[in-house]
Amino acid sequence: MNFRSLRVKNLIQTELSKIFTKDIEFGAFVTIADIEVDSKLEEAVIKVSVIPEEKGKEVFDLLEREKKDLQFKLLRKMNIKPMPRLKFGLIRGEELMKKGEEPSGEIIVEEVAEDQE
């Protein structure tokens, strides 16, 4: 990962967490666990963790519905070109915690739906 990708990743995480706090009511505890930005800044995969896990599908659907609005808000805040396209994934971390397993550094990501365009 080059330096620009790392800076964009940190900016996206900071600004998106502010937007999540101010503008969206999830009805669950949602955290941004990780963001992966490709080197060409074409795509950013935002991995979110949801507690309780049963609300994961609802939160994912809400994020998918709000994706274009979130991307627009990020573009206005960050003012970068190109603005990476957002994709969301769920991390199932609660299951690991119930089993008492130590995090192995490996993140389990479940992509619920593909981009529909």
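Computed from the coordinates by the stated procedures, all read-outs in this text should not be read as laboratory data. Since this is a predicted model, take the numbers as computed values, not measurements. Neighbour counts run over all protein chains shown; Cβ positions are idealised from the backbone, glycine included.
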Quote the FRET efficiency, to the nearest 0.05, computed for GLU43 versus ARG92 with a Förster distance R0 of 22 Å and r equal to the Cβ-Cβ distance.
-> 0.50
Find the all-direction average of the projected area of the Cα convex hull for segment 48-97, expressing the result in square nanometres with one decimal place.
-> 4.0
Would you calculate the separation in nanometres between label points at ASP34 and PHE72, each defined as 7 Å from the Cα along the Cα-to-beta-carbon direction?
-> 3.2
Could the peptides 12-18, 78-84 be put in order, highest first, of the mean number of other beta-carbon atoms found within 10 Å of their residues?
-> 12-18, 78-84
Neighbourhood net charge (12 Å Cβ-Cβ; Lys/Arg +1, Asp/Glu -1) for GLU58 | -2
Listing LYS22, LYS77, LYS87 from the residue with the fewest other Cβ atoms within 10 Å to the one with the most, what is the order?
-> LYS22, LYS77, LYS87
